[in-house]
Amino acid sequence: MTTCYINGKYKPISKSSVNITDRGLQFGDGVYEVIAIYKDKLVDLNLHLKRLKLSLKKIDLKINLSEKQIENISLKIKKINNLKMGIIYIQITRGNQSTRDHKYPKDLKPNIIIYSINKNLDKMELLASKGVKASLYPDIRWLRSDIKSTSLLGNVMAANFAKKNKSHESILFDYDDNITEGNSSSIWIIKNNICYTHPVSYRILKGCTRDKLIKILRTNNLQFKEKTFSTKSLLSADEVFMTSATNFIMPIVKIDKKKISKGKPGPISLALRKKYISAI
Ligand code: PLP
């Protein structure tokens, strides 16, 4: 039985619950992180813990656990559940509030949950060797996508649209027809050997895999630009790929009906995937 951490205690998931007045449940008033466990390691752990701290700061939510303590709990959950591959999920909400008031109340005790899910991330290898299909979908989300908030309805609807269209991911476009990101990933294109991705702004989540890949691009003297690109540029790119904690670097070979890179994963995307995995 999987063990989780909930507000200071380690318990079986089936015996763990939060109160129905939890502000995460009522308002989506909380933040989260997903960290991959691969090759028996917590991948990009420091980047995820740093982003969690930043998300908490952005919504003015204080907790009495340090980054180190969250790291230790995550490692303990991995150990107790004997997890070699999968994810660690961390969720922090503002806490329980029986009076249901939108405003942030004072002195609530945040609900902190950490658990693990067994996932065969090696399955992604086969997907990456063939590349995946994506669908275009309007970016209907709120304007603070930089916060890794548990309010995910826009992302959920986009992901479900992808599912209905037998796609791996939805690629989101804004009112100006520029690509922001995927429903749960950062989106990249390659044109004339230059990698492009959306610049850091309120409109995208600053992906940890994105950050790590930028480091790899820099150390390998590969050209990249943080620059917005249009749907048209996406569809006429030499290569397209997405990055996320569980997909690593995933080539996209078809967007709706349009084939990218002749429908096969591009050589640069595959080389970057290799470099990313060996960096783990
Ligand atoms: N953008 C969105 C909306 C996401 O949900 C995610 C990951 O879940 C990402 C980007 C990629 O972030 P990371 O590379 O940290 O997984």
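The values are calculated or read from the model by the stated rules, or taken from the named source; none is laboratory data. This is a predicted model, so every value here is computed, not measured. Here Cβ is always computed from backbone atoms with ideal geometry, including for glycine, and neighbour counts include all displayed protein chains. In case anyone asks, the SASA skips ligands and DNA or RNA and just uses the protein heavy atoms, side chains included. Shrake-Rupley method; radii C 1.70, N 1.55, O 1.52, S 1.80 Å.
Quick notes on this structure:
- Extreme residue, surrounded by the most Cβ atoms within 10 Å (Cβ to Cβ), among residues of region 178-198 that are within 14 Å of S236 (Cα to Cα) and within 14 Å of the ligand (Cβ to nearest atom): W188
- Of the strands (runs of 3 or more DSSP E) contained entirely in region 86-178, not one carries at least 3 residues that are without any contact (Cβ under 8 Å) to a residue 24 or more places away in the chain.
- Within region 59-82, the set of residues being surrounded by fewer than 19 Cβ atoms within 10 Å (Cβ to Cβ) and either within 15 Å of the ligand (Cβ to nearest atom) or in a loop (DSSP other than H, G, I, E, B) (or both) comprises I59, D60, K62, I63, N64, L65, S66, N82.
- Each residue in region 150-168 was checked for being open to solvent by 10 Å² or more (accessible area, probe 1.4 Å) and within 14 Å of the ligand (Cβ to nearest atom), and 10 of them qualify.
- The one condition from (1) open to solvent by 10 Å² or more (accessible area, probe 1.4 Å); (2) near the ligand (Cβ under 10 Å from one of its atoms); (3) touching a Pro at 6+ places or on another chain (Cβ under 9 Å); (4) not aromatic (F, W, Y) that K212 does not meet is (3).
- Residues that are at pLDDT 95 or above, away from the ligand (no atom under 15 Å from the Cβ) and farther than 16 Å from L126 by Cβ were ranked within region 241-261; the one that is surrounded by the fewest Cβ atoms within 10 Å (Cβ to Cβ) is K257.
- Residue count for region 133-183, restricted to those that are small (G, A, S) and touching a helix residue (DSSP H, G or I) at 6+ places or on another chain (Cβ under 6 Å): 2
- Criterion: under 19 Å from V31 (Cα atoms), surrounded by fewer than 16 Cβ atoms within 10 Å (Cβ to Cβ) and not charged (D, E, K, R) - qualifying residue of Y202, Y175: Y202
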